[in-house]
Ligand code: ADP
Ligand code: MG
């Protein structure tokens, strides 16, 4: 083995550069972070050839003295911390003192700077890590960094650079992230001679979002604020209709630093539960502020990952704030509506309990076997979607559509079996419809086999029959899957066997003990999973689909959430969509009444699980106004 040698500073910096500046966008991010740390109000960035040929970053921050310049490009030289304890309470974006050293080691670099109280500026050039002389330079107060020919002396890294277009795109994204993290600072990005964006200083976050993402996203912005235990959250989520197939529209900031964090992402996703198809990702702009002592930002050289001391608190705050903001926002209906959620709840109370069990049966899922339910619970009808409250009937008065089945296999179509142990508790005829819908509902008409027009005392209401029913089904299934109890446990004499590939089996193996805790006993045998015992409530679950979904959840690595519940919810989603009445389906008057009753009985039924609105309301006052009466 050759003799051990200490690497020269130049080589050490070149190696370190690989981690800190793996591509032009990363170098730009580091430089802008320095500008922000220097208190800049205006930051200007100019790039050519995707940053390869030239990157120029100028700011009007505090600037540096001539004697600071050689230190700025020296590794482990920083003005931001002195002792290791300072790291615990770090408020600046930088602190490692290696960005400029790394960049200067792998480019033709120069830094020119002038403090506001100095009469002139000075400039230092560095080529391939070798320092030149410091020369005076006439300039405004602030700092100007010029990076030419990045990786000119490290051909190995140069090879890894992508096309000009994709490096430019990465730069845009990096600058945008910083700009959304600091709406108070002006940012101007010029790429290949064109202005990509030019955000003014002291801009409102929503205005910045509008100018970048357009009016549709801006209109869908839902503001949110929340705080708990030294942690605060502010920002916007975007209406589910703007959700994306990837998580690219999620901007998360912690004390002004753009971060990537699985806890926050998972909490955001859970906050959107029931408002969004599981395959979509909500857009969001979240600013978290936390006591720096509660978080470790020194996890990764690029500082985009953090470690929270109390990640549970973070998770809960984000999830609950998002959920609350979303529910509030989507409850406010699109046109002018005096009938807000509060009024609606009043109406429901006044209307009294529902008694139309058989029709209700047609609209709500009954995959739950109710044998073990105490009759006394059937009497309690205060919670409209609890599966326990859905008495099945022995002889349907209206033909039943297939009940939703968790999973995507075709729903079971044979008539439901009579069950003598429960049939006595259940009314067999449609009861008088007088209490079905609130008293303020005057008339119900189906329009084009798709919409339900409701005349009320306050105005008119138009319901989307599919969206409404889908949401009601989903709400009910969600409730079932959350608890998984209410039917006891079923032991299987012959285990159900579901074959899987080796890789997925390995992923699933880890989760089997957790499933056992929830009443699902499953074992791996050969190349399949054998289900030996499960909660009664899952009697009709398609296990193949369930385990596929579970494996997908686990592969995506949802953190801090319950993958079992996630998988079941994803299936509930699909089932609800499949089982709900469709547009184009003719409905009888009792069915229409039942849907209207469902609508009024829950304030949550404002948007279908895909985020489309369920109802449109128009008050008489608004109608009169429109006709200029
Ligand atoms: P760090 O940001 O971790 O301290 P850097 O290598 O990024 O390390 O920067 C080294 C030092 O150079 C900083 O601590 C700061 O004092 C100074 N510096 C860098 N950029 C600027 C700037 N734009 N304005 C003022 N000072 C700067
Ligand atoms: Mg820095």
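Annotations
Yes/no per residue for (1) within 13 Å of ligand 2 (Cβ to nearest atom); (2) outside any loop (DSSP other than H, G, I, E, B):
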| position | (1), (2) |
| --- | --- |
| 30 | yes, yes |
| 55 | no, yes |
| 62 | no, no |
| 79 | yes, no |
| 88 | no, yes |
| 97 | yes, no |
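- Test for residue 68: is it surrounded by fewer than 18 Cβ atoms within 10 Å (Cβ to Cβ), within 20 Å of residue 102 (Cα to Cα) and within 14 Å of ligand 2 (Cβ to nearest atom): yes
- Screening the candidates 97, 121 for the property of being within 13 Å of ligand 1 (Cβ to nearest atom) and without any contact (Cβ under 8 Å) to a residue 24 or more places away in the chain yields one hit, 97.
- Any hit, the stretch 15-33, residues being within 31 Å of the chain's Cα centre (by Cα), surrounded by fewer than 19 Cβ atoms within 10 Å (Cβ to Cβ), more than 13 Å from ligand 1 (Cβ to nearest atom) and modelled with pLDDT of 85 or more: yes
- The stretch 108-125, residues that are away from ligand 2 (no atom under 16 Å from the Cβ), within 24 Å of residue 9 (Cα to Cα) and under 44 Å from the mean Cα position of the chain (by Cα): 108, 110, 112
- Counted as qualifying within the stretch 526-626 are the helices (runs of 4 or more DSSP H) with 1 or more residues that are modelled with pLDDT under 80 and farther than 30 Å from residue 439 by Cβ, namely 543-555, 563-579.
- Scanning the stretch 114-133 for residues that are part of a strand (DSSP E or B) and either modelled with pLDDT under 95 or closer than 29 Å to residue 158 by Cα (or both) turns up 123, 124, 125, 126, 127, 130, 131, 132, 133.
- Single residue of 145, 178 found to be in a strand (DSSP E or B), touching a residue at least 24 places away in the same chain (Cβ under 8 Å) and crowded, with 23+ Cβ neighbours inside 10 Å: 145
- Flag if residue 138 is more than 10 Å from ligand 1 (Cβ to nearest atom), closer than 17 Å to residue 58 by Cβ, surrounded by 15 or more Cβ atoms within 10 Å (Cβ to Cβ) and touching a residue at least 12 places away in the same chain (Cβ under 8 Å): no
- Residues in the stretch 72-85 that are without any contact (Cβ under 8 Å) to a residue 24 or more places away in the chain and surrounded by 15 or more Cβ atoms within 10 Å (Cβ to Cβ) were compared, and the one that is farthest from ligand 1 (Cβ to nearest atom) is 81.
- The one condition from (1) crowded, with 18+ Cβ neighbours inside 10 Å; (2) within 30 Å of residue 261 (Cβ to Cβ) that residue 555 does not meet is (1).
- One residue alone among 151, 236 is out of contact with any strand residue (DSSP E or B) (no Cβ under 6 Å at 6 or more places or on another chain) and touching a residue at least 40 places away in the same chain (Cβ under 8 Å), and that residue is 151.
- Scanning the stretch 154-171 for residues that are in a loop (DSSP other than H, G, I, E, B) and surrounded by 17 or more Cβ atoms within 10 Å (Cβ to Cβ) yields 154, 161.
- A search for C-beta distances below 6 Å between a residue of the stretch 456-469 that is without any contact (Cβ under 8 Å) to a residue 24 or more places away in the chain and any residue that is assigned to a loop (DSSP other than H, G, I, E, B), counting only pairs 6+ apart in sequence or on different chains, returns 457/440.
- Condition check for residue 40: closer than 16 Å to residue 298 by Cα, within 10 Å of ligand 1 (Cβ to nearest atom) and either touching a helix residue (DSSP H, G or I) at 6+ places or on another chain (Cβ under 7 Å) or in contact (Cβ under 8 Å) with a residue 12 or more places away in the chain (or both): no
- Taken over the stretch 480-521, the criterion of being surrounded by fewer than 18 Cβ atoms within 10 Å (Cβ to Cβ) and under 30 Å from residue 452 (Cβ atoms) is satisfied by 482 alone.
- So residue 234, is it surrounded by 15 or more Cβ atoms within 10 Å (Cβ to Cβ) and outside any loop (DSSP other than H, G, I, E, B): yes
- Selection from the stretch 40-65 of residues that are within 16 Å of residue 121 (Cα to Cα) and surrounded by fewer than 22 Cβ atoms within 10 Å (Cβ to Cβ): 60, 62, 65
- Lone unmet requirement of (1) surrounded by fewer than 17 Cβ atoms within 10 Å (Cβ to Cβ); (2) out of contact with any strand residue (DSSP E or B) (no Cβ under 9 Å at 6 or more places or on another chain); (3) modelled with pLDDT of 50 or more for residue 457: (2)
The values are calculated or read from the model by the stated rules, or taken from the named source; none is laboratory data. Please read these numbers as outputs of a predicted model, since none were measured by experiment. No Cβ is skipped: glycine too gets one built from the backbone with ideal geometry, and neighbour counts run over all protein chains shown.
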